[in-house]
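Peer 1: I'd like to ask some things about the structure below.
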């Protein structure tokens, strides 16, 4: 909502302070100001000039040479406008002034005639599109006076952010009321010049009201509660006077003509949308408020657009066809034009929800629909109509046809809300006196009708009937007007929460710490992905690039590696914790699974002068995954390799999978295939893993300490020749199963292939550490264990010790 | 010349050579020692080996083997001495300005760090973390939160839908209702998580971003508790001099509703101070009685308050990040700056 500061000051005579102070007040009333601009911002150099005499340029048909009074002297100005009137006032840009667009005015010679400045068109001043002629000023002006002061553009426009519940703030009066409530005085509607008080007479009725000259009928009273129509005959349509134009400009609106400007003025001042029809264009002598008929499928609105309409849309119609979409926009078939003589003014109350439905269906929003959606004051229609009539008579002349027609099938009944004074304290935390509560509410238009046993019966004004319907709504008004800042903020005693910290957050915390310890950076990426990376589709995506939700984090991480490498970052180690989405039954929310994924590429350690660089390998990835998996799933997992069907990004021949106790695969790790990635030629291998996390991780079992050994260990090395079909994993498992209970540790410490070993055979060296918790082991016993191991190896796997 | 005893010669040579190696004080003299004893043409070991044809045939292998082991031991000694000489000596050549041998350093994402810092303050104030689904229903995202879909308030969060009444949550507030349903008061939770809006990427908007919800429900919870707790949070997060302002606002699920602004005192490196503008940090308010009733609680008995804030925005303000998208580009040169 654009608000003119001058208009506000006119409404609240006591209002002090500049635009910044008013903005500060408004912010503390719940209507913050996003921006402050000025309609006369770039026009401070412009002054009023009066043309004394204009004559034809001796050397140019289309130019005129004017003698202009600039307040100090008479100067000569050459002007290209078709019409320059002797004695009229125009905006004058003197030599040295700067016009919008950084256009500096210089003394110049045009076809031999000297020009000391420029008479300006509206377009040159940024005040409109009209550059057909210079801007003739309507009214009394003094040459030399500042242009923006003279026409009232010395104003500030506040862009006020109005919340969705406060339709009543979409007007200058509404904003002024809030300012007045914070102690700035009372509201007075500014006087309209050149108009005397009229004894307004109404003819009321429902569903139809009319007289010989004209009638109004409402066919759907649920969607239109009230429709006031007034006929004014004999208007002359022309530009509005400068004061009215300046007022509209101050409120960010563009003047059109005196009739349209009058309706816009009322909308901006009182928040009541008004519409003016050209009466000559209406067929018959009545307006009918009804739904569109089956045959009426299209309607051309006054912006020239052809819009599809349907029977659920409420239309304003003459006796034959629709002439406006109710509450949204008028039609171009009945628009007021320069030739208009008689007009019908409309002031109506349409249903908020129906207006919203219609304008959404049409994909449009207008100043009128915006206000109807949020609720227009049901008690303010007559005064809005009267204000508008005054404006029209003042600026366009004409005569009002008596009486005004007020069709009102659903009269507004104001509501009363009960407010317990004790409840205020219960919610707000400090005690309030009943009298003080009444004082806080009154300036906002609420009236305490009576008080019984600590309960206030509060009458709600029409303009707040949409958002104030409950006790708590009034308590908010009490808190707001008392001032949020005037409540104490001392911490009181609190009871402990019954909710335990979610264990998945705790697991994530631990994993983050571990992965950072491994030298990795956490990333965050949005869950959107292109087709093929997920099966859950967004039905109304804003772009078609990533309309799906990812089922795997790995592709997002790979894109982050690509992004980094494209910027020359060669050593990239990333991880992410995020949600993976999977389709379920139709209409059901997708299955969400918490995931952890990581990716590694480049050097495994920072370069250092003392050592050679080494790239990450499968062994780094495997150790990382084993570490992580152990922390998530404990002992109950198996890491499997060989015959693994990998996710598409990974190389089937260089991939392992993680199988949970129940047998489900919960993760993968491996080398990213070259085809899957779009990396520079210098990029090394990329290694990645992804692991599903339990949704509700258990706390895990407590650590039970193994007593530290008291006896020495005995170590034996065993170099074994493994045929190609035998894996070191199988061998290790068999050694563990056959070495007896004193085997404390088993590790692989060497792998050799080559000279001295048959082709296709690997020599894998194991180190076995034996230790008893009861005694020092004798060599003989250890030798016996070793023999048992070798025997089983040979029998079960055909594996022999290397000679 | 008596009958030569090559084995004894070799032993003598080894002894002599090892002593010479030991006494060499720089690389040049050490190289001279190597040439003198092991040099291919002039070296004394070579000289002995050249005499090998004169040795009786049956002793040749023994002499050869001995020569090889002498060569190996002397070579080893030379190499060891060379390293000793290369190593910096305590006083003169130890250059500790050479860089140390580090390991890769990783780090948490800056938004995670912001979430954690906020969480730790609320943890100290007695809160626990709760979570809920990112894809939720119209009921949990809007209707249960007193936001009818046909009200203009629903416009302000342009929502992404999956199917029919299933959507991507447009705020973390659905966690309020889910937590109330699964628990009994007193409830004091925060709920960090992703939320989704039908927005395009620009400097201050992304279609997905982090939000932190907060909810307190109990008997006797008032506007004073609400103000006190959030003001306490703000002062712990931004410093004890921070001014906190509660500004009336509107959210369908709270009443009264407030925006919380902070004004910070920043100390420049030269010790002088300045005040920031008011910075909007969260939306908040007393939980609307309709929401409490929708959770199955008695709104006459229970009251509470709630808030929602964007750790991304808070991180932008805190770290001087100009463009929200930087957080999602995840350039490691950006992330490294937060690895502290």
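The values are calculated or read from the model by the stated rules, or taken from the named source; none is laboratory data. Just so we're clear, the structure is a prediction, and the values are computed from it rather than from any experiment. Don't worry about glycine lacking a Cβ; one is built from the backbone with ideal geometry, like all the others, and counts go over all protein chains shown.
Peer 1: Would you confirm whether any residue within the range A:368-380 is part of a strand (DSSP E or B) and touching a residue at least 12 places away in the same chain (Cβ under 8 Å)?
Peer 2: To start, the set of residues in the range A:368-380 that are part of a strand (DSSP E or B) comprises none.
No.
Peer 1: Could you please find all residues in the range A:556-590 being closer than 14 Å to residue B:167 by Cα and either facing chain B (nearest Cβ under 9 Å) or crowded, with 20+ Cβ neighbours inside 10 Å (or both)?
Peer 2: A:581, A:586, A:587, A:588, A:589, A:590
Peer 1: Would you check if residue B:274 is surrounded by fewer than 22 Cβ atoms within 10 Å (Cβ to Cβ) and assigned to a strand (DSSP E or B)?
Peer 2: Values: surrounded by fewer than 22 Cβ atoms within 10 Å (Cβ to Cβ): yes; assigned to a strand (DSSP E or B): yes.
Taking the combined requirement at face value, the residue satisfies it.
Peer 1: Looking only at the range B:150-168, how many residues end up being outside any loop (DSSP other than H, G, I, E, B) and more than 8 Å from every other protein chain (Cβ to nearest Cβ)?
Peer 2: 2
Peer 1: Here is a further query. Kindly indicate the residue of the range A:92-128 that is in contact (Cβ under 8 Å) with a residue 40 or more places away in the chain, out of contact with any strand residue (DSSP E or B) (no Cβ under 6 Å at 6 or more places or on another chain) and within 16 Å of residue A:71 (Cβ to Cβ) and also surrounded by the most Cβ atoms within 10 Å (Cβ to Cβ) among those meeting that condition.
Peer 2: Ranking the candidates gives A:94 first.
Peer 1: Further question: Quick one: which residue in B:205, B:171 is crowded, with 22+ Cβ neighbours inside 10 Å, part of a loop (DSSP other than H, G, I, E, B) and out of contact with any helix residue (DSSP H, G or I) (no Cβ under 7 Å at 6 or more places or on another chain)?
Peer 2: Exactly one residue qualifies, and that residue is B:171.
Peer 1: Can you name every residue in the range B:213-244 that is surrounded by fewer than 23 Cβ atoms within 10 Å (Cβ to Cβ), away from chain A (no Cβ under 11 Å) and either touching a residue at least 40 places away in the same chain (Cβ under 8 Å) or in a strand (DSSP E or B) (or both)?
Peer 2: Across the range B:213-244, the qualifying residues are B:236, B:237.
Peer 1: Right, another one. Going by what's in this entry, would residue B:200 be described as facing chain A (nearest Cβ under 9 Å), outside any strand (DSSP E or B) and under 25 Å from the mean Cα position of the chain (by Cα)?
Peer 2: no
Peer 1: Condition check: within 7 Å of chain B (Cβ to nearest Cβ), at pLDDT 95 or above and within 21 Å of residue A:691 (Cα to Cα). Does residue A:523 satisfy that?
Peer 2: Judged against the criteria, residue A:523 is a match.
Peer 1: Here's a follow-up. Specify which of the listed residues (A:515, A:542) is part of a loop (DSSP other than H, G, I, E, B) and at the interface with another protein chain (Cβ under 7 Å from one of its Cβ atoms).
Peer 2: None of the others qualify; the one that does is A:542.
Peer 1: Let me ask something additional. If residue B:179 satisfies all but one of (1) facing another protein chain (nearest Cβ under 10 Å); (2) in a loop (DSSP other than H, G, I, E, B); (3) buried (at least 19 other Cβ atoms within 10 Å of the Cβ); (4) free of Cβ contacts under 8 Å to residues at least 60 places away in the same chain, what's the number of the condition it fails?
Peer 2: Unmet condition: (2).
Peer 1: Which one is farthest from residue A:271 (Cα to Cα), of the residues in the range A:159-172 that are buried (at least 24 other Cβ atoms within 10 Å of the Cβ) and away from every other protein chain (no Cβ under 14 Å)?
Peer 2: The residue in question is A:172.
Peer 1: Go over the candidates A:739, A:676, A:683 one by one and state the one that is touching a helix residue (DSSP H, G or I) at 6+ places or on another chain (Cβ under 6 Å) and closer than 30 Å to residue A:567 by Cβ.
Peer 2: A:683
Peer 1: Now for a different question. Which one is surrounded by the most Cβ atoms within 10 Å (Cβ to Cβ) among residues in the range A:639-659 that are touching a residue at least 12 places away in the same chain (Cβ under 8 Å) and in a loop (DSSP other than H, G, I, E, B)?
Peer 2: This residue is A:649.
Peer 1: Also, quick follow-up: Here is a check on your reading of the model: is residue A:536 within 7 Å of chain B (Cβ to nearest Cβ), buried (at least 16 other Cβ atoms within 10 Å of the Cβ) and within 26 Å of residue B:114 (Cα to Cα)?
Peer 2: no
A quick yes/no check of all residues on (1) at pLDDT 80 or above; (2) under 30 Å from residue B:318 (Cβ atoms):
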| position | (1), (2) |
| --- | --- |
| B:71 | yes, no |
| B:81 | yes, no |
| B:90 | no, no |
| B:95 | yes, no |
| B:98 | yes, no |
| B:107 | yes, yes |
| B:111 | yes, yes |
| B:114 | yes, yes |
| B:119 | yes, yes |
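Peer 1: Here's a follow-up. I'm trying to understand the selection: among the residues of the range A:76-101, which are over 52 Å from the mean Cα position of the chain (by Cα) and at pLDDT 90 or above?
Peer 2: A:76
Peer 1: Still on this model: If you go through the range A:156-196 one residue at a time, how many are more than 23 Å from the chain's Cα centre (by Cα), more than 27 Å from residue A:395 (Cα to Cα) and part of a loop (DSSP other than H, G, I, E, B)?
Peer 2: 2
Peer 1: Tell me yes or no: at least one residue of the range B:115-124 is farther than 25 Å from residue A:351 by Cβ, surrounded by fewer than 21 Cβ atoms within 10 Å (Cβ to Cβ), more than 8 Å from chain A (Cβ to nearest Cβ) and in contact with a helix residue (DSSP H, G or I) (Cβ under 6 Å, 6 or more places away or on another chain).
Peer 2: Scanning the range B:115-124, I find at least one residue that is farther than 25 Å from residue A:351 by Cβ, surrounded by fewer than 21 Cβ atoms within 10 Å (Cβ to Cβ), more than 8 Å from chain A (Cβ to nearest Cβ) and in contact with a helix residue (DSSP H, G or I) (Cβ under 6 Å, 6 or more places away or on another chain), so the answer is yes.
Peer 1: Let me ask something else about it. Which count do you get for residues in the range B:287-322 that are surrounded by fewer than 17 Cβ atoms within 10 Å (Cβ to Cβ) and either not assigned by TED's automatic domain parsing to the domain that holds residue B:116 or not in a helix (DSSP H, G or I) (or both)?
Peer 2: Summing the residues that are surrounded by fewer than 17 Cβ atoms within 10 Å (Cβ to Cβ) and either not assigned by TED's automatic domain parsing to the domain that holds residue B:116 or not in a helix (DSSP H, G or I) (or both) in the range B:287-322 gives 6.
Peer 1: Quick one: in the range A:609-628, of everything that is more than 12 Å from chain B (Cβ to nearest Cβ) and assigned to a loop (DSSP other than H, G, I, E, B), which residue is farthest from the chain's Cα centre (by Cα)?
Peer 2: Among them, the one singled out is A:612.
Peer 1: Do we find a residue being within 30 Å of residue A:157 (Cα to Cα), under 40 Å from the mean Cα position of the chain (by Cα), surrounded by 17 or more Cβ atoms within 10 Å (Cβ to Cβ) and modelled with pLDDT under 90 anywhere in the range A:46-62?
Peer 2: The answer is no, given that none of the residues of the range A:46-62 is within 30 Å of residue A:157 (Cα to Cα), under 40 Å from the mean Cα position of the chain (by Cα), surrounded by 17 or more Cβ atoms within 10 Å (Cβ to Cβ) and modelled with pLDDT under 90.
Peer 1: Let me ask another. Looking only at the range B:252-270, count every residue that is over 23 Å from residue B:315 (Cβ atoms) and more than 7 Å from every other protein chain (Cβ to nearest Cβ) and tell me the total. Don't jump to the end; show me each part of the working.
Peer 2: Taking the range B:252-270 first, the residues over 23 Å from residue B:315 (Cβ atoms) are B:252-257, B:270.
Still in the running and more than 7 Å from every other protein chain (Cβ to nearest Cβ): B:252-254, B:257, B:270.
Total meeting the criteria: 5.
Peer 1: Related question: Given the structure, is residue A:156 farther than 30 Å from residue A:349 by Cβ, touching a helix residue (DSSP H, G or I) at 6+ places or on another chain (Cβ under 8 Å) and crowded, with 19+ Cβ neighbours inside 10 Å?
Peer 2: Judged against the criteria, residue A:156 is a match.
Peer 1: Let me ask another. Count, please, the residues in the range A:346-367 that happen to be free of Cβ contacts under 8 Å to residues at least 60 places away in the same chain, outside any helix (DSSP H, G or I) and crowded, with 21+ Cβ neighbours inside 10 Å. Show your work before the answer.
Peer 2: Filtering the range A:346-367 for residues free of Cβ contacts under 8 Å to residues at least 60 places away in the same chain gives A:353, A:355-366.
Add one more test, that the residue is outside any helix (DSSP H, G or I), and what stays is A:362-366.
Add one more test, that the residue is crowded, with 21+ Cβ neighbours inside 10 Å, and what stays is A:362.
Number satisfying all stated conditions: 1.
Peer 1: Of all the strands (runs of 3 or more DSSP E) wholly in the range A:396-483, which have at least 2 residues that are away from every other protein chain (no Cβ under 14 Å) and in contact with a helix residue (DSSP H, G or I) (Cβ under 8 Å, 6 or more places away or on another chain)? Step through it out loud before you land on a result.
Peer 2: On the way: elements: A:404-407, A:416-420, A:447-452, A:455-459.
The qualifying strands (runs of 3 or more DSSP E) are A:404-407, A:447-452, A:455-459.
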